[in-house]
Amino acid sequence: MDLKTALAEEIAKGAGISAEDAAEMLETPPDPKMGDAALPCFKLAKTLRKAPPAIAAELAGKIGKPEFISEIEVQGGYLNFFYDRKRYAQDTLTQLLAAGENWGSSDIGANKTIIIDYSSVNIAKPFHIGHLSSTAIGSALYKINRFLGYHVVGVNHLGDWGTQFGKLIAAYKMWGNDDEINRDSVAAMLKLYVRFHEEAEKDESLNDLGRAWFKKIEDGDKEAMRIFGWFKELTLREAKRVYEMLDVRFDSYAGESFYNDKIPAVLDELREKHLLVESEGAYVVMLEEENLPPAIILKKDGTTLYATRDLAAAEYRKKTYDFYKNLYVVAYQQNLHFKQLFAVLKKMGHDWADDCEHVAFGMVSLEDGTMSTRHGKIVLLEDVLSRAVEKTLSIINEKNPQLENKEQVAADIGIGAVIFSTLSQNRIKDITFSFDRVLNFDGETGPYVQYTHTRCASVIARHEENSESMDVSVLENDEAFAVLKLLSSFPQTVLAASEKNEPFYITRRLVELAQAFNKYYYEYRIIDEDVCATNARIALARAVKDTLKTGLGLLGIKAPSKM
RNA sequence: GCGCCUGUAGCUCAGUUGGAUAGAGCAACGGCCUUCUAAGCCGUGUGCCAGGGGUUCGAAUCCCUUCAGGCGCGCCA
């Protein structure tokens with residue numbers, strides 16, 4: 001049982017309210033000088049018909065001071081509690097040292113499956129910074145939920161279906177060069193695609209050619225499938241190179257084409273349930289009761305849409321994985337699409353539609369406007385990563401030229417910086433991409449947290465193991481106590497990140513922990529002649545190191561022990 | 001026109017279910033390395049929390065409204 005719960009029970013006894021209510025009322029004061037936990041007595045004023053300060057004073061007398069509380073103070077309408085710091089340090093460190101890098105893990109997800117649909121590469125399209133949010137958020141949620149005991153299935157819902165692939169093949173047949181494609185892969189495909197659009201402006205008939213080739217893909221034509229399969233393979237090879245760098249993994253690459261043969265069954269089901277109605281030549285599901293525009297399921301020409309395949313995909317996922325949650329990490333531009341998708345599923349009688357969730361995030365744009373693949377106005381993710389690594393390497397050469405494994409460390413720090421900056425704000429906020437910002441390694445950044453980790457690692461490495469016990473009284477100072485409180489609440493942070501699908505909760509907490517530790521580290525020497533005191537301070541450093549490493553790991557960031 | 005989202009310091013952002021004087025980082029300036037990694041620490045200044053109304057003992061937070069910006073709104077994904 002944690003301290004807050006224990007405190008709530010004591011308060012409940014004294015105030016004659018339920019422990020749940022007391023826990024609900026307890027809060028953390030804005031300044032640690034005011035206390036470690038506070039009970040605002042304003043709400044009690046109504047029922048008790050007394051002024052809040054009087055209630056606080058009265059409660060202070062009624063609540064027997066538990067041994068883990070060192071002091072109870074009345075301040076205005078607040079009743080403030082101070083923890084016994086020595087005891088707090090002892091308890092916290094004991095728990096943390098036993099847990100090590102598992103601090104914050106849990107089994108609440110046992111026997112539950114979470115599907116996470118993220119990154120979703122488009123075939124023949126470059127991997128640019130616009131894909132970073134989905135990839136980084138999805139991957140972090142993957143790691144976070146697995147840490148909480150969930151069985152997680154990462155799905156890369158490939159964008160591998162649509163007339164654009166017919167156009168691409170048509171372009172390849174006209175102007176393609178195998179050597180160039182093998183060498184430049186996606187860049188070469190993009191060139192073909194752009195040229196196709198340029199030429200089609202002049203010659204309309206090219207579009208028919210493109211449609212014809214797409215028809216061949218649909219019909220499983222041998223040549224069309226061979227070329228398309230080749231393009232797909234090359235695109236994935238390129239994407240996987242980036243995934244490798246980012247430490248991102250998937251359990252399934254079932255994309256749009258995978259669901260193609262599962263669509264007829266969905267259409268049958270929609271008809272059977274009388275949901276599919278003809279409208280302006282197309283077939284739609286009306287969503288008037290839900291206050292949403294109709295969802296188009298079949299086009300006038302009888303072909304399917306994105307939404308149709310997503311319906312098939314959702315049903316397939318439920319059938320195959322029986323998920324507890326089904327998350328779509330997709331930009332907020334698709335808000336309406338997902339509302340409609342879930343509404344249709346619900347109308348079909350699938351209660352599990354409520355377990356589907358759109359984890360939306362903001363747009364990424366460039367300083368001079370929106371990105372455009374077709375106009376080549378993009379920043380490739382690989383370029384960002386390699387520039388970050390390069391910069392890191394030059395910093396290492398300047399600050400720590402003797403470092404072993406420089407290249408590996410530079411990769412860990414540089415790439416970590418990019419991921420960290422992506423995950424350091426609320427999902428929903430738009431991002432204007434800036435090299436200056438991403439390549440800044442000072443302050444609230446990935447390298448800062450990693451640096452703190454190496455400080456811990458290095459001080460621990462200097463300490464000789466011994467069998468003397470800890471003297472935790474040296475951790476009663478404000479700086480150490482602040483570190484301990486942050487460490488102690490790390491598990492709640494992980495849980496909140498999972499519940500709200502917000503990896504940045506962890507990012508922020510790591511920054512706070514690093515700041516608190518750096519402050520402590522500056523003020524106090526860790527290793528000195530007093531063995532028992534040193535043991536306690538080393539234990540603190542070890543707990544910080546493990547927690548930072550765990551947290552960074554959950555974000556997909558490495559924690560080198562030297563940098 | 002309708003719907004959703006965003007608006008907090010010069011810039012980028014925090015701010016738990018409403019709670020005590022609204023906080024960080026960056027940028028600027030000034031300090032701190034013969035001692036555990038200075039990618040660090042300390043200090044200095046900055047706010048009509050977009051505007052207005054309301055609910056409440058108490059509002060950056062909840063409700064209404066106006067403004068600004070973004071996204072979306074039947075055959076793209």
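Ignoring ligands, DNA and RNA, what percent of the 1.4 Å accessible area of region A:465-553 is carbon and sulfur? Carbon and sulfur: 46 percent of the exposed surface of region A:465-553.
Just order A:190-197, A:105-112 by mean Cβ neighbour count inside 10 Å, highest at the front, would you?
Going by the mean number of other Cβ atoms within 10 Å, highest first, we get A:190-197, A:105-112.
Taking a straight Cα-Cα cut-off under 19 Å and skipping sequence neighbours fewer than 8 places away in the same chain, the aspartates and glutamates within cross-link reach of A:K346 are A:D268, A:E269, A:E272, A:E288, A:E289, A:E290, A:D310, A:E315, A:D322, A:D354, A:D355, A:E357.
Computed over region A:424-563, relative contact order equals 40 percent, with contacts defined as Cα pairs under 8 Å that lie 6+ residues apart. Computed log10 I(q)/I(0) for region A:215-304 at 0.16, 0.22 Å⁻¹: -0.87, -1.07, from the Debye equation with unit scatterers placed on every C-alpha and solvent omitted. Each principal axis of the Cα cloud of region A:1-92 was evaluated for its coordinate range; sorted largest first, these ranges are 41, 25, 21 Å. Per residue, the accessible area of region A:325-372 comes to 41 Å², computed with a 1.4 Å probe over protein heavy atoms only.
Model label sites at A:K519 and A:K222, defined 7 Å from Cα along the beta-carbon direction, differ in position by 7.3 nm. Which of rounded, prolate, oblate describes region A:292-382, given a ≥ b ≥ c as roots of the alpha-carbon gyration tensor eigenvalues and a/c under 1.5 marking rounded, otherwise prolate only if a/b is larger than b/c? It comes out prolate by the Cα gyration axes. When DSSP beta bridges are restricted to pairs lying wholly in chain A, around 50% turn out antiparallel. Take every pair of alpha-carbon atoms less than 8 Å apart whose residues are at least six positions apart; their mean separation over the length of chain A yields a relative contact order of 15 percent. Our compactness index for chain A, the C-alpha radius of gyration over the empirical 2.2 N^0.38 Å, is 1.17. Size check on region A:88-128: the Cα extents along the three principal axes, sorted descending, read 57, 28, 14 Å.
Calculated mean residue ellipticity, 222 nm, chain A: -17500 deg cm²/dmol, from DSSP H runs (n ≥ 4) at -39500 (n - 2.57) each, averaged per residue and rounded to 500.
Rolling a 1.4 Å probe over the protein chains gives A:F42 an accessible area of about 100 Å².
Express the carbon and sulfur contribution to the solvent-accessible surface of region A:301-386 as a percent, rounded to the nearest whole number, probe 1.4 angstrom. The value for region A:301-386 is 49 percent carbon and sulfur by accessible area. Rolling a 1.4 angstrom probe over the protein heavy atoms with all chains in place gives region A:3-50 an accessible area of 60 Å² per residue. Dividing the convex hull volume of the Cα atoms of region A:404-492 by its residue count, what figure in Å³ per residue is obtained? Convex hull of Cα atoms, per residue: 159 Å³. Accessible surface for A:R542 stands near 80 Å², nearest 10, in the context of the full protein assembly shown (1.4 Å probe).
Each residue of region A:548-563 is assigned a 3J(HN,Hα), and the resulting list reads 4, 5, 4, x, 4, x, 5, 8, x, 10, 7, 10, x, 8, 9, 8 Hz, derived from the Karplus form 6.51 cos²θ - 1.76 cosθ + 1.60 (θ = phi - 60°), x at Gly and Pro. The label-point distance for A:H463 and A:N397, in a model that sets each label 7 Å from Cα toward Cβ, rounds to 3.7 nm. Take the Kirkwood radius over Cα pairs of region A:441-563, plug it into Stokes-Einstein at 20 °C and 1.002 mPa s, and you get 145 µm²/s for translational diffusion.
Legend: residue pairs A:K191/A:K232; A:K273/A:K318; A:K167/A:K232; A:K112/A:K500; A:K143/A:K339; A:K143/A:K325, Cα-Cα distance threshold 22 Å; pairs beyond threshold, A:K143/A:K339. Take A:D84: with every protein chain present and a 1.4 Å probe, its accessible area is about 50 Å².
By the Kirkwood approach, averaging reciprocal distances over each pair of separate Cα atoms, region A:109-196 gets a hydrodynamic radius of 15.1 Å.
At a probe radius of 1.4 angstrom, the accessible area of region A:134-268 per residue rounds to 45 square angstrom.
The values are calculated or read from the model by the stated rules, or taken from the named source; none is laboratory data. In this text the structure is predicted, and so the values were computed from the model without any measurement. So basically every Cβ, Gly included, is an ideal-geometry build from the backbone, and we count neighbours across all protein chains shown. The protein model used for the area step is the full one, side chains on, heavy atoms only, and it has no ligands, DNA or RNA in it. Shrake-Rupley method; radii C 1.70, N 1.55, O 1.52, S 1.80 Å.
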